[in-house]
Amino acid sequence: MQPQGIYGIPMPRWGDTVLATPRAYYLIDFAVLVLTLLVMWRIRRSHLGKVIASVGSDEVAALASGVRVRDYKALAFAVSAFFAGVGGSLLAHQYTYIDPTIFTMLMSLLVVTIVIMGGVGLPYGAVVGGIVLIGAMELLRFTPELRIIVYGLVLILVVRFRPGGILVRNS
C-alpha cells in the first residue's frame, strides 16, 4: 500500500492577498528564519539554555549536579520538534502538497551535511552551512559535472581543515 499525502494545501495569505511569488516565499522564509534565530539566541543565553548546554556537554556531570536530565532532554526535543514543524508547514504551503516522497535519503543527507558543515552546536551554523553548500551548488548550476566535483571538494576541505564545522573555533 502506497502512503498518501495531503494535497490542495492553500498558499499562504496576508489578509486577502495570496503570497504565491518566489519573492513572497523568500520574504516569509527569511522572516521565520530571523525570528527562529532570535528565539534560539534568547534561549541559549537564558538559564534554560545553559542547563540544556550542560546536559549536552556532560550528562553525567549535569545529573550529579541535580539537573533533571530527562526533563531537559524532553524539553530540548520538544523545542526542536516545534521548529521542525514550522519548517515543514512552510514547505507544505510552498509546494501546496506534502507526502513522504518529498523526503528522500538524499535530502536527509543534504540537511545533515549542511548542519555539520556549519557547526552542530550553533543555531546559525546551519544557516552558514546552507549558504556555503547550496550557494556553491547554485553558482555551478550551469555545469553539472563540475558541480558534484566542487561539492565533494568543499566537503573534503571542511572535514580536513574544520572538522567541527566552519564556525566552530579550533581549540
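The values are calculated or read from the model by the stated rules, or taken from the named source; none is laboratory data. Every value quoted in this text rests on a predicted model; they were computed, and no experiment measured them. As a convention, Cβ positions derive from the backbone with ideal geometry for all residues, glycine included, and neighbour counts pool all protein chains shown. Accessible surface is based on the protein model in full, side chains and every heavy atom, while ligands, DNA and RNA are left aside. Shrake-Rupley method; radii C 1.70, N 1.55, O 1.52, S 1.80 Å.
Which condition number in (1) closer than 25 Å to TYR25 by Cα; (2) open to solvent by 40 Å² or more (accessible area, probe 1.4 Å); (3) assigned to a helix (DSSP H, G or I) is the one that PHE142 fails?
Result: PHE142 passes all but (3).
Looking only at the stretch 22-50, filter to residues that are under 16 Å from GLY121 (Cβ atoms) and in contact with a helix residue (DSSP H, G or I) (Cβ under 6 Å, 6 or more places away or on another chain); which one of those is least open to solvent (accessible area, probe 1.4 Å)?
Once the filter is applied, the top-ranked residue is GLY49.
Check off (1) at pLDDT below 85; (2) part of a helix (DSSP H, G or I); (3) open to solvent by 70 Å² or more (accessible area, probe 1.4 Å) for VAL120 and give me the number that stays unchecked.
(2)
When you go through ALA126, ALA92 one by one, which is the residue that is in contact with a strand residue (DSSP E or B) (Cβ under 8 Å, 6 or more places away or on another chain) and either under 29 Å from ILE6 (Cβ atoms) or open to solvent by less than 60 Å² (accessible area, probe 1.4 Å) (or both)?
Result of the check over ALA126, ALA92: ALA92.
Any chance the stretch 98-107 includes a residue that's within 18 Å of the chain's Cα centre (by Cα), of a type outside the set (Lys, Arg), open to solvent by less than 80 Å² (accessible area, probe 1.4 Å) and closer than 30 Å to ILE52 by Cβ?
Among the residues of the stretch 98-107, at least one is within 18 Å of the chain's Cα centre (by Cα), of a type outside the set (Lys, Arg), open to solvent by less than 80 Å² (accessible area, probe 1.4 Å) and closer than 30 Å to ILE52 by Cβ, which makes the answer yes.
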